[in-house]
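Each reported figure results from applying straightforward, stated rules to the coordinates on display, with no laboratory input. Bear in mind that the values here come from a model prediction, so they are computed numbers and not experimental data. Neighbour counts are summed over all protein chains in view; Cβ atoms, including those assigned to glycine, are modelled from backbone coordinates with ideal geometry.
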Amino acid sequence: MLNVLTYHVHNSGCDDDGEISVEMLTLGMSASTWTIEYFTIGGTPLSVPVTTYTQGDVALLLDLPAGIYYFIITNDIGCSYQQQFEIFCPPPP
C-alpha cells in the first residue's frame, strides 16, 4: 500500500520545458524505498534512469514537451500506483 503521494506539474512555455515533481510522504506498511517510471500515454517509456528513492525524497523530471503522460511508482514490497498527468502548452494570445 502506498500511502501519501503528492505531485506537481509545471506546464510548458511551449519550448519543451514542462516538468513534474513527485514526492512520497509516507510509504506505508514496511516499505522503505520506491522507484518511479514515466511513460507517454501510448505506453512508450521515457528514457529516464530508474532511481531508488526513500520516504520524503522528490523525483523531478524536466524538459517535457506538452502532452499526456503517466507514471508508475513501485515500492520495495511490490505495491504500485499509477497516475496520469498532462503538460499543457498555453495557446497564443
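Backbone N atoms of region 17-47 closer than 15 Å to the 7 Å Cα→Cβ label point of Y81 belong to residues 21-37. As a rough guide to protection, the peptides 12-25, 55-68 ranked by mean Cβ packing within 10 Å, highest first, stand as 12-25, 55-68. Full extension of the chain between T40 and L5 yields a length gain of 10.6 nm, computed as 0.36 nm times the residue separation minus the alpha carbon distance. Under the simplified labelling scheme, the S30-I68 pair shows an inter-label distance of 4.0 nm, with each label point 7 Å from Cα along Cα→Cβ. For a 4.7 Å threshold on C-beta separation, the list of partnerless cysteines in the chain reads C79. A Cα-only calculation for the chain places Rg and Dmax at 13.9, 51 Å.
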